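Written out below as structure tokens is the structure these notes cover.
The values are calculated or read from the model by the stated rules, or taken from the named source; none is laboratory data. Model, not experiment: these values are computed from the prediction. Here the Cβ positions follow ideal geometry from the backbone for every residue, glycine too, while neighbour counts run over all protein chains shown. With ligands, DNA and RNA removed, areas are computed over all heavy atoms of the protein, side chains included. Shrake-Rupley method; radii C 1.70, N 1.55, O 1.52, S 1.80 Å.
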Amino acid sequence: MKPDRVTLVEVGPRDGLQNEAAPVGAAEKIELVRRLQDAGCREIEVTSFVSPKWVPQMADAAQVMAGIERRAGVRYSVLTPNLKGLEVALATRPDEVVVFGAASEAFSRRNINCSIAESLERFAPVVEAAHAAGLKVRGAVSCALGCPYQGEVTPDEVERVVVGLKAIGVDHVGIADTIGVGTPLAAQRALERALKHYPLAEVSGHFHDTYGQALANILACLDLGVHVFDTSIAGLGGCPYAKGATGNVATEDVVYLLHGLGIDTGLDLDRLVDAGAYISGVVGRPTASRAARALLARRVAVSS
Ligand code: HMG
Ligand code: MG
């Protein structure tokens, strides 16, 4: 049942950098996107058009979008929580926008300052306007496997939001373990609820690796036939409104896993390692990717 080919949506420039304590400059973000493209990334979540008071790290969204070198065949997506964000985003010519809701009421309030029902009302005109502009719309369901404020989150709660997103015309749903607490069966149970309402190609998994379960969760989702996952270069990432959660699963680790399984990704692992080393240097921390660390150590061993 495992797919032959998997699409990875690179969320490093957005999820990866939205939580960095020291600001990363627009020039470095633009350079990261260039290196990701060189490594074969064809789906890149570049930035988010959110309130700079809420997430100052993304205040340069328009500048980053203006600065990236557009390549044919690459889809550039951005987060747009409301019409204001969408209006500014549209001027920067994204290919896709992302609305982000949550399976837990508490997280919805903390992250986007409204209830789940209000968020869906707010997203509806965003979806409509994005479609009118010819863009695809993804919807993220945050805290699908657990919430830092509410605790446990049930598959019923996930399905309720999936149904709500479908009702307003969202094209694709991403089931997100924002705080990285999920385990493989829980991941399958959550994604199965999305698959009741969306076709296989329009359901993706977004796993943070706080408890070291992200690769196992991806493997479990592959067994459902799911073949789109969000990953972040060097394992960067986190949400400012989910304290204690660590980064997303590292792109390099997922690529190592998939290539080992004989699954095509279209990505060049060596060049991903280069891109990861670049951004790790910028943020001043070693990469969180185990595969990248091993490959970097091997490079040193081979050259000495
Ligand atoms: P609010 O304060 O309720 O908004 O925030 P408001 O409509 O009352 O406006 C307040 C002020 O914000 C106004 O400015 C607006 O103009 C401005 P003022 O008059 O005070 O000067 N404003 C904006 N400015 C720029 N861009 C906008 C925008 N909207 C309003 N789009 C809002 C509501 C949604 C804006 C806020 O809560 C927000 O920006 N939240 C974003 C939080 C965020 O980015 N979280 C991280 C992304 S989600 C995530 O990481 C999870 C994910 O990776 C999946 C996973 O792992 O689970 C996707
Ligand atoms: Mg995330």
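Some values worked out for this structure:
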{"item": "In Å, descending, principal axis extents of the Cα set of segment 7-303", "result": "57, 41, 33"}
{"item": "Distance histogram in 10 Å bins (all Cα pairs of segment 149-190, percent per bin)", "result": "24, 54, 21"}
{"item": "Cα Rg over Rh - segment 129-233, Kirkwood", "result": "0.97"}
{"item": "Sum of -39500 (n - 2.57) over DSSP H runs of 4+, divided by residues of the chain (222 nm, nearest 500)", "result": "-12500 deg cm²/dmol"}
{"item": "Reciprocal of mean inverse Cα separation for segment 255-304 (Kirkwood radius, Å)", "result": "11.7"}
{"item": "Under 5 Å, built H, 5+ apart or other chain: amide partners of T47", "result": "L79"}
{"item": "Cysteines (scope the chain) whose Cβ has no counterpart Cys Cβ under 4.7 Å", "result": "C41, C114, C221, C239"}
{"item": "Of all DSSP beta bridges in segment 92-201, antiparallel share, percent nearest 5", "result": "10"}
{"item": "Cα-based Lys proximity count in segment 7-303, under 26 Å, for pairs eight or more positions apart or on separate chains", "result": "11"}
{"item": "Cα centroid separation, segment 228-304 to segment 129-197 (Å)", "result": "25"}
{"item": "Summed residue charge, Cβ within 14 Å of G284's Cβ, Lys/Arg positive, Asp/Glu negative", "result": "-1"}
{"item": "All Cα pairs of segment 184-263, percent lying beyond 18 Å", "result": "41"}
{"item": "For the chain, share of DSSP beta bridges that run antiparallel, in % to the nearest 5", "result": "5"}
{"item": "Accessible area per residue in Å² at 1.4 Å probe, computed on the chain", "result": "40"}
{"item": "In order through segment 177-183: 3J(HN,Hα) via Karplus (6.51 cos²θ - 1.76 cosθ + 1.60), integer Hz, x for Gly, Pro", "result": "9, 3, 10, x, 9, x, 10"}
{"item": "For segment 197-202, 3J(HN,Hα) per residue [Karplus equation, 6.51 cos²θ - 1.76 cosθ + 1.60, θ = phi - 60°, Hz, x = Gly/Pro]", "result": "10, 10, x, 3, 5, 10"}
{"item": "Segment 1-79: projected area of the alpha-carbon convex hull, averaged over directions, in nm²", "result": "6.1"}
{"item": "Hull volume in cubic angstrom per residue (convex hull over the Cα atoms of segment 74-175)", "result": "88"}
{"item": "Binned Cα-Cα distance frequencies in segment 201-242 - 5 Å width, integer %", "result": "5, 21, 29, 23, 15, 6, 1"}
